[in-house]
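Heads up, the thing below is written out as structure tokens.
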Amino acid sequence: MTRLPDFRLETYFSRWEFTARHHLTASDVQTMTLGELLSLADDKDREAFENLPLGYTETFGDPALREVIAQTYENAGADDVICFAGAEEALYLAMNVLLDAGDHAVVVTPNYQAAETVPMALCEVTGVALDPDRNWALDLDEVAAALRPNTRVVSVNFPNNPTGKVIDAADFTALARLCDERGIHLFSDEVYRGLEADAARILPQAADLSERALSLNVTSKSLGLPGLRIGWITCRDRELLSRLERAKHYTTICNSAPSEVLARIALKAREPILRRNRALIAANLPAFESFFSEFADDFDWQAPDGGCVAYPRYLGPDGVEEFCTRLVEEAGVLLLPASIYHSELTPTPSDRFRIGIGRHHPEEGLAAFAQWMRTSR
Ligand SMILES: Cc1ncc(COP(=O)(O)O)c(C=O)c1O
């Protein structure tokens, strides 16, 4: 396997995620305890959890879990779903199954780093940038122009990490159609789906739109359960799913059995959990708006269309890298500077930082942030 570069975000998090006093850049919404999740289970599922044999499970994933996952799609059944250890394993194996040297992929930037570094380790990749000057618009003509006869994959992520962008449903549908016409697999990372500020902006899922498209999802983000490490790909191309299964034989073989039952419980309670998480984000937003209005000369803030991260501009002369380093070292407030989202494929803004809006009590971190802005900067 080609060596992959360091994963900048994870390397930064190795230093700070569990040591900074205020984690103000989380991309997962407020999690819950095992007890809270089990309280959402019906008697049968709670009993299934308590009496669970801790053996290997099926590589494709527990059939009962795949059944509840399939119910979140309009045109897919349980046999169109394969589970993985988080979205990360799914993304990694999907690119390795889809792409060979000699192939070509198109990836939207800025992105979750693996979205570009994994395909770049396998074949030629062209980036198409969301335009920060046009509210992170995706230019479909630019995507079309980037396609080559050997393009196998177009990879997108909406709601986008880090920008929070959700494109119009008509554009997303047109993108799926364009990929279909060219025999290309649309790889759609939908891990923040369900956290849109306006329900009318929720995009259709790619696997519902196209038989060859792959929808990536996970319990980590919108449901706030990253510790379960249950991700999945939904795709109606069964041959591709079978290749994914064989690839998984070389990595995790199967998912954690307890996590499969817990993910099933969470997915059955998906609607109330998502409602709670959207309400939490909506309740948090005024605190962020008030912070950014106090410091309007220092930041250019815009709430995300969806997801639980925003990507404001920092306007100070010291630059966002120095700013984020000093903020975490001096005030214990963790943000992610733009260098984490640097792309090898396209220019990306160098004056932004990621801030998380989906955790309980952001007021504490914002107060420490504001105090540092007033006194130490
Ligand atoms: C867009 C996107 N895709 C995939 C992942 C990986 O998710 P997981 O940690 O659940 O494997 C992340 C995590 O931050 C992400 O932001």
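Here region 288-366 yields Rg over Rh of 0.95, to two decimals, using C-alpha coordinates and the Kirkwood radius.
Using equal-weight Cα scatterers in the Debye expression, the normalised intensity of region 92-179 in log10 at q = 0.15, 0.23, 0.24 Å⁻¹ is -0.53, -1.20, -1.28.
Give me the Debye-computed log₁₀ of I(q)/I(0) at q = 0.06, 0.10 Å⁻¹ for the chain, equal point scatterers on Cα only, no solvent, two decimals. Result of the Debye calculation: -0.22, -0.63. Each label point was placed 7 Å from the Cα along the Cα-to-Cβ direction; for Arg182 and Ala101 their separation is 2.4 nm. The residues neighbouring Ala76, those whose beta-carbon lies less than 9 Å from its own, together hold a net charge of -3 under the Lys/Arg +1, Asp/Glu -1 convention. If we count chymotrypsin sites (Phe, Trp or Tyr not before Pro) as exposed when they sit in a DSSP loop and have at most 14 other beta carbons within 10 Å, what is the longest stretch of the chain that avoids them all? Answer from the scan: 57-249.
Under the simplified labelling scheme, the Asp141-Ile253 pair shows an inter-label distance of 5.4 nm, with each label point 7 Å from Cα along Cα→Cβ. Work out, step by step, the length gained on full extension between Arg8 and Ser339: first 0.36 nm times the residue separation, then minus their alpha carbon distance; give nm to one decimal. Here the segment from Arg8 to Ser339 would lengthen by 118.3 nm. Considering the dipole of region 287-377 built from charges on the beta carbon (Lys and Arg +1, Asp and Glu -1) around the Cα centre, which of Gly307, Pro317, Ser376 is farthest to its positive end? The Cα lying farthest towards the positive end belongs to Gly307. Sparsely packed loop sites in region 158-224 (the trypsin sites (Lys or Arg not before Pro) outside DSSP H, G, I, E and B with at most 16 other Cβ atoms within 10 Å) comprise Arg182.
Ordering Asp42, Asp297 by the number of other Cβ atoms within 10 Å of each residue's own Cβ, fewest first, gives Asp297, Asp42. Our note on the geometry: Cα centres of region 271-324 and region 65-94, 31 Å apart.
Sorted from greatest to least, the principal axis extents spanned by the alpha carbons of region 204-332 come out as 54, 32, 32 Å. Computed on the chain, with alpha-carbon pairs under 8 angstrom and 6+ residues apart, the relative contact order is 25 percent.
For the pair Gln302 and Glu47, the difference between a 0.36 nm per residue extended length and the Cα-Cα distance amounts to 87.3 nm.
Annotation: region 168-230 has a Kirkwood hydrodynamic radius of 12.5 angstrom, from the mean reciprocal C-alpha pair distance.
The numbers here are math on the coordinates, done by the rules we state, and not lab data. From a predicted model like this one, the values you see are computed outputs, not experimental measurements. When we count neighbours, we look across all protein chains shown, and the Cβ atoms used for this are built from the backbone with ideal geometry, even at glycine.
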